[in-house]
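S.K.: The structure follows.
The values are calculated or read from the model by the stated rules, or taken from the named source; none is laboratory data. These numbers were taken from a predicted model, which means no experiment stands behind them. Virtual Cβ from ideal backbone geometry, glycine too; neighbours counted across all protein chains shown. Only protein heavy atoms, including side chains, enter the accessible area calculation; ligands, DNA and RNA are left aside. Shrake-Rupley method; radii C 1.70, N 1.55, O 1.52, S 1.80 Å.
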Amino acid sequence: MSHMSTLKLTAETESLINNRAVGYSLEAPFYASQEIFDLDVEAIFAKHWLFSTTEAEIAEPGDFVTVDIGPHSVIILRDDDEEVRAFRNVCRHRGSRLLDSPCGSVGNLVCPYHQWTYRTDGSLIHAESQPPSFERDRFGLKPVHVRTVGGLVFICLGEEPPEDFDEVAGNIEPYLTPYDLRHAKVAHQVDLVEEGNWKLVMENNRECHHCDSAHPELITAYFPLFGYTADDVTPRLRPVFERYQAAAEDLGAACAASQFPRDTWYEPDTRITGFRVSHLPLDGEGSSFGPDGKPVCAKLMGSITQARFGDLSMHMQPNSWFHLLSDHAIVFRVLPVSPDKSIVRTTWLVHSDAVEGVDYDVDSLTSVWRTTNDQDRVLVAGTQCGVANPGYEPGPYSLVEDDVEAFANWYIGRLHKYVTS
Amino acid sequence: MSHMSTLKLTAETESLINNRAVGYSLEAPFYASQEIFDLDVEAIFAKHWLFSTTEAEIAEPGDFVTVDIGPHSVIILRDDDEEVRAFRNVCRHRGSRLLDSPCGSVGNLVCPYHQWTYRTDGSLIHAESQPPSFERDRFGLKPVHVRTVGGLVFICLGEEPPEDFDEVAGNIEPYLTPYDLRHAKVAHQVDLVEEGNWKLVMENNRECHHCDSAHPELITAYFPLFGYTADDVTPRLRPVFERYQAAAEDLGAACAASQFPRDTWYEPDTRITGFRVSHLPLDGEGSSFGPDGKPVCAKLMGSITQARFGDLSMHMQPNSWFHLLSDHAIVFRVLPVSPDKSIVRTTWLVHSDAVEGVDYDVDSLTSVWRTTNDQDRVLVAGTQCGVANPGYEPGPYSLVEDDVEAFANWYIGRLHKYVTS
Amino acid sequence: MSHMSTLKLTAETESLINNRAVGYSLEAPFYASQEIFDLDVEAIFAKHWLFSTTEAEIAEPGDFVTVDIGPHSVIILRDDDEEVRAFRNVCRHRGSRLLDSPCGSVGNLVCPYHQWTYRTDGSLIHAESQPPSFERDRFGLKPVHVRTVGGLVFICLGEEPPEDFDEVAGNIEPYLTPYDLRHAKVAHQVDLVEEGNWKLVMENNRECHHCDSAHPELITAYFPLFGYTADDVTPRLRPVFERYQAAAEDLGAACAASQFPRDTWYEPDTRITGFRVSHLPLDGEGSSFGPDGKPVCAKLMGSITQARFGDLSMHMQPNSWFHLLSDHAIVFRVLPVSPDKSIVRTTWLVHSDAVEGVDYDVDSLTSVWRTTNDQDRVLVAGTQCGVANPGYEPGPYSLVEDDVEAFANWYIGRLHKYVTS
């Protein structure tokens, strides 16, 4: 992965990258400085594979979504040949934004300014009043790398995308297959503006150390054993632990019966395209995020045949996480806006045959995570405030914040690679 | 025109100025970077003659308008001797803004803070509690260069204004004389905030390539021959072309009869004070911007005796354009606010004897250009979005964007002169 | 007072500090540049003693206020041993802001994120899931220097606070003692956002040259002799001057009878902790800011026994001033937000036994200074606008602006010391 950086980093920033204290939260400038934000956009968001949208959102030829990543804007659409394509959202004439809507459907792509017209494969087919010498072929839309994996759409703005993505895609696809997200439908989508650096949003997601006090609605779905090992189990916790063991065994059996993978795959910081997949049994009825672990949609996803199928939890660096349940899936995407602002998009997917008002109710379907996201929003904003205080200094991660540390390690490693290559 | 720049330009900016690709739109930083915005304010807006207001707005002694140009604020007023004068809008004591209103009328200029008092000629006549050694003469208001041409008021913030203005004034004044803007009255005025760099606003004005699709209301006034030459006329266009030829002949005759100049004067990029004047026949009834080319005011301007008198269209670099019709005039002024924000002021002038509700109706008078401005606002905002996208690269101008290119050439030429002198 | 500056100043800023013209207002960048604002926060606000709150606001153990000074946030609280303590408002774990409320009461300080828990003395008493090697003692809250003087609370963010504070405290405490602010109660508090640099707010406070025209409500309390000496007294002013002399004599007698200090102490720019105390007789009934100098609270402050006790006016550099009257006290605190924004907090204190609706009415108590503050807000905003105009150049102070000049001298002197040490 080569690059031509347009940024000249200060010695202070280089030193921060080179001398990061392992085991401690990041230094303040990583969350607050404009220089490092610009570096993040350039070195992380413009060079790595980013989860961007779901195939369910662009089901038919001509369907598109636009994605804004800092100053970058990208059109992702389904071409007439059913392939997913991505282009820079900018006209090759005088630079007008081509598509202004967050999503929609087009035949051709027509610039609103002077009607330069492009096919959905990006080729320019009309440009008025150009001289005879005009070479139309030179002015097609600029393509952006795009890949789909199990119904999830990833893009990479860099010229040479990380080469390990094929391998990662091969690793995660078998876990996603049972859910058939490719043919799911969007039941609901929410964009939440968070007053915090994108890394605080990610770090917040990478641990549940705060869940006990912050997320009473969420934790009812999980066994109250977060951070415990078998050795820690006290007599009081014994019944919970036994309930957990039984549920884990059932989940293993269900996966084995359908030949679905069951093991955790943990590479959050040991490769360019860091990821983690784990399949967690759920407490209570054990099906979904409804009250007492009850389902929230009557139709099961894809080829899944039993409601008690746990939570397939997936993390992708740098900007996404996913919860896949037997009856619905929730996908989360974080995009940077400014050093102290980010946008989190949450999308709820259900089986394409599920009927609103019959099989599911949007309020019940989305209740737990709308609430959880909003609780996290407050925590992230409070942390952004705090780390911008000159009195802040990095503090030590606890034993149950290993995924936060893995995220930070991955991030610092990628910056280091970028500034030294 | 000498200068003492307070800006230290980066090598990148100097390179952008020196290596601009002719025939292509400008590179992104010209529209988005704070450094180039500051350079624009210093090298363009603080050194060139700017259209600022009309004499009609400061008809009587003591009448003033204030004009904010980036961080600069200027008072333009009519002195007791009927001359138009201009001053920096800042008290010589502790720097308070002197006049806060956009317009009004004063006897003397009294600072709201400690009542330092200046005559309308700028001289300080009162400053309390100063020691006997205080030299009042040293603390008059700082003058700003000001010139009037045919009722239009131009200012120059620089110490040594461009010397070619006398010549330009001599060239354009005969075209303006028939309209007698000096004794017109303001029928309406609108300030429109545009989410775009001031050059995108100007470039948008300098072509009508976008008019067909964007301005259905405006184009009914003009012959649908924009960008065509006699050679292009197809059989289908033949009747239009003949209508145009007849109207052009009538306009020539009308000008000749009144000894008004008729020829186009085209110097948009070949001199410091770039300008263009052309007198266009109008379609339909051929009088004004009313439905089917009908008049919108019953009283004709100045010494004009026939309603069918076309559109005297004038461009002035860097920040203005004008449409003068037999029954009203519209003057446009663009001022920079920040790299991605500008303010466009549109002022409608009618004969001073025209009575609202009798001779004209404000809604009908202003309808076409209020609508057109708002359509342009959307296009400019979309282009600002696009050029800020790292995927943007300059594109080729079409054959009918020659005035856009002339504006860009003038602009780059002036920057180049500034940074190398 | 040593320091480790994180700022690299430009040559231009150093030159501005070194070459300031004495007797003239400050150059524009002192009011408008981000670089100098950052220097102000670092060299002035993070190194000097700042008036921050009153003891009345944290009367009981566990009571706290939070104070935001640019990016710094500080918790000031009363510990269980009744001492006032101050800490950085940031958790030592991952940097969350600890307390989000501007004031309140706590038992322990519990971080909202992962419940790290601190005693009111700052010591960490709980941090979950840390490894056995975790040294709790290393992660107490970071203390901030704090001092109380006559019921006023001062903090210093620097590691080595100015050493002259003991001496200054000794000087001013006897003047404050009669008012017993320590046991007063807060009757009202207002935060006013001003669109101006913090120094413009302070300079505005340091002179009453503008009072005649700007503050008609305020000046009725004072003798209309501002800026006059005995030599200036004209026959027309003779009766006023005699009234003033009588009131001054009465005030002297009242102070002498109670053994309270009476002389003015004037050291605004001759020491690190610049200050001024003066005790001014009031006009009319001579008691307070009520109509015709009437009292606004029926209970007198502290040990004061007569209502006609003048105005004890105190200035402290860099950010506060105080008016203490027989029946109430008003304390003013200015904090910087950005180059062109500041927050002024005004707090009205009355005797702790005074009962709202019986002894005083909040509207009457606060009327004059709410009005005065708002008038000053307009003047400060107008000056911020003006000094940002490139047409601004520093102007000469008048004879009655000596305290403004002293403030500017103090400020420039402190910057100079900081950048050269």
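S.K.: In nm, to one decimal, how far is the C:Ser364 label point from the C:Glu160 one, both placed 7 Å along Cα→Cβ?
M.R.: With each label point 7 Å from Cα toward Cβ, the separation is 5.4 nm.
S.K.: If we sort C:291-304, B:383-396 on the protection proxy, mean other Cβ atoms within 10 Å, highest first, what's the order?
M.R.: Ranking, from highest mean packing down: B:383-396, C:291-304.
S.K.: Enter the accessible area per residue of chain C (Å², integer; probe 1.4 Å; all protein chains in place).
M.R.: In whole numbers, chain C has 39 Å² accessible per residue.
S.K.: Which residues, if any, in the stretch B:57-73 have at least 10 Å² less accessible area in the whole protein complex than in the isolated chain, probe 1.4 Å?
M.R.: B:Pro71, B:His72, B:Ser73
S.K.: Next up: Once R0 is set to 30 Å, what does the formula 1/(1 + (r/R0)^6) return for the Cβ-Cβ distance between C:Asp374 and B:Arg138, expressed as a FRET efficiency to the nearest 0.05? Kindly include the intermediate steps, with their values, before the conclusion.
M.R.: On the way: r = 34 Å, r/R0 = 1.14.
The value I calculate is 0.30.
S.K.: At 1.4 Å probe size, with the rest of the protein present, what percent of the exposed accessible area of the stretch C:162-244 is carbon and sulfur atoms?
M.R.: That share works out to 53 percent.
S.K.: Continuing with this model, one more query. Could you please report the charge total around B:Asp353, scoring K, R as +1 and D, E as -1 over all other residues with beta-carbon less than 9 angstrom from its beta-carbon? Show your work: numbers first, answer last.
M.R.: Details: positive: B:Lys185, B:Lys299; negative: B:Asp359.
In short, +1.
S.K.: Sticking with this one: Give me the orientation-averaged projected area of the Cα convex hull of chain C, in nm², one decimal.
M.R.: Projected over every direction and averaged, the Cα hull of chain C covers 22.2 nm².
S.K.: Let me ask something else about it. Between beta-carbons, use under 15 Å as the cut-off and find the net charge around B:Asn197, counting Lys and Arg +1, Asp and Glu -1.
M.R.: -3
S.K.: Here's something else I'd like to know. Pulled fully out, how much extra length does the chain show between B:Tyr24 and B:Asp250, if you take 0.36 nm times their separation in residues and subtract their Cα-Cα distance?
M.R.: Details: separation 226, 0.36 × 226 = 81.36 nm, distance 3.82 nm.
Contour length minus the Cα-Cα distance gives 77.5 nm.
S.K.: Here is a follow-up. Please give the peptides C:144-153, B:98-107 ranked by average Cβ packing (other Cβ atoms within 10 Å per residue), highest first, as a rough proxy for protection.
M.R.: Peptide ranking by packing, descending: C:144-153, B:98-107.
S.K.: Compute the Rg to Rh ratio over the protein assembly as shown from the alpha carbon atoms, using the Kirkwood formula for Rh, and round to two decimal places.
M.R.: With Rh from the inverse mean 1/r over Cα pairs, Rg/Rh is 1.01.
S.K.: Express the relative contact order of the stretch C:179-420 as a whole percentage, based on alpha carbon pairs under 8 Å and six or more residues apart in sequence.
M.R.: Reported relative contact order: 30 percent.
S.K.: Which whole-Hz couplings ³J(HN,Hα) result when phi for each residue of the stretch C:258-266 is put into the Karplus expression 6.51 cos²θ - 1.76 cosθ + 1.60, θ = phi - 60°, listed in order with x for Gly and Pro?
M.R.: Values, residue by residue: 9, 6, 9, x, 10, 6, 6, 10, 10 Hz.
S.K.: Follow-up. Mind checking which lysines have their C-alpha under 29 Å from A:Lys185, skipping anything on the same chain fewer than 8 residues away?
M.R.: A:Lys294, A:Lys299
S.K.: Select the chain A residue whose beta carbon lies nearest to the rotation axis carrying chain A onto chain B, and write the distance in whole Å.
M.R.: Checking which Cβ lies nearest the axis yields A:Gln34, 7.
S.K.: Sort C:21-27, C:256-262, C:132-138, C:366-372 for me by packing, meaning the mean count of neighbouring Cβ atoms within 10 Å per residue, highest on top.
M.R.: C:366-372, C:21-27, C:256-262, C:132-138
S.K.: Quick one: Karplus J couplings for the stretch B:133-150, per residue in order, coefficients 6.51, -1.76, 1.60, θ = phi - 60°, nearest Hz, x for Gly and Pro?
M.R.: 6, 4, 9, 4, 4, 6, 10, x, 4, 6, x, 10, 4, 9, 9, 10, 9, x
S.K.: Given the C-alpha centroids of the stretch A:230-245 and the stretch B:327-362, what is the distance between them in whole angstrom?
M.R.: Centre-to-centre distance over Cα atoms comes out at 78 Å.
S.K.: Of all the accessible heavy-atom surface of the stretch C:51-149, with the other protein chains kept in place and a 1.4 Å probe, what percent is carbon and sulfur?
M.R.: Carbon-and-sulfur percentage of accessible area, whole number: 44.
S.K.: How many nanometers, to one decimal and shortest first, lie between the label point of C:Val355 and those of its other copies, if labels sit 7 Å from Cα toward Cβ?
M.R.: 7.0, 7.0
S.K.: If one takes the accessible area of chain C alone plus chain B alone and subtracts that of the pair, with a 1.4 Å probe, what total in Å², rounded to the nearest 100, results?
M.R.: 2200
S.K.: How much mean residue ellipticity at 222 nm does chain B get from its helices, if each DSSP H run of length 4 or more adds -39500 (n - 2.57) and you divide by all residues, to the nearest 500 deg cm²/dmol? Intermediate results must be reported in sequence, preceding the final value.
M.R.: Working: 10 runs with 112 residues, N = 421.
Mean residue ellipticity at 222 nm (helix-derived): -8000 deg cm²/dmol.
S.K.: State the cysteines of chain B left without a partner when partners are defined as other cysteines whose beta carbon lies under 4.7 Å away.
M.R.: B:Cys103, B:Cys156, B:Cys255, B:Cys297, B:Cys385
S.K.: State, to one decimal in nm, how far the label point of A:Asp81 lies from the label point of C:Ala257, with both points 7 Å from Cα in the Cβ direction.
M.R.: If labels sit at A:Asp81 and C:Ala257, their model points lie 10.3 nm apart.
S.K.: Right, another one. Any idea what the dipole of the stretch B:177-266 comes to, in debye rounded to 20, about its Cα centre with Lys/Arg Cβ at +1 and Asp/Glu Cβ at -1?
M.R.: 260
S.K.: Averaging sequence separations of C-alpha pairs under 8 Å and six or more residues apart, then dividing by the length of chain C, give the relative contact order as a whole percent.
M.R.: Here the relative contact order equals 21 percent.
S.K.: Let me ask something else. Taking 30 Å² as the minimum loss, tell me which residues in the stretch C:206-239 lose that much accessible area going from the chain by itself to the full protein complex (1.4 Å probe).
M.R.: C:His209, C:Ser213
S.K.: Then there's this: Measuring nothing but label to label, 7 Å from Cα along Cα→Cβ, what are C:Ser338's distances to the other copies in nm, shortest first?
M.R.: 0.7, 0.7
S.K.: How many nanometers, to one decimal and shortest first, lie between the label point of A:Ser133 and those of its other copies, if labels sit 7 Å from Cα toward Cβ?
M.R.: In nanometres, ordered from closest: 7.0, 7.0.
S.K.: Considering only C-alpha atoms, what is the centroid distance from the stretch C:1-75 to the stretch A:4-37, in Å?
M.R.: 26
S.K.: Mind checking which lysines have their C-alpha under 20 Å from C:Lys417, skipping anything on the same chain fewer than 8 residues away?
M.R.: C:Lys8, C:Lys47, C:Lys199
S.K.: Give me the inter-chain shielding for B:84-94: mean count of other chain Cβ atoms within 10 Å, whole number please.
M.R.: Details: counts 0, 0, 0, 1, 6, 5, 12, 6, 6, 10, 20.
Partner Cβ neighbours, averaged per residue: 6.
S.K.: Here's something else I'd like to know. Under the Karplus relation 6.51 cos²θ - 1.76 cosθ + 1.60, θ = phi - 60°, what is the ordered set of whole-Hz ³J(HN,Hα) values for the stretch C:42-56, x standing for Gly and Pro?
M.R.: 6, 8, 9, 6, 9, 10, 10, 6, 10, 5, 10, 6, 10, 4, 4
S.K.: Relative contact order of the stretch B:133-248: what whole-number percent is it, with Cα pairs under 8 angstrom and at least 6 residues apart?
M.R.: Relative contact order for the stretch B:133-248 comes out at 15 percent.
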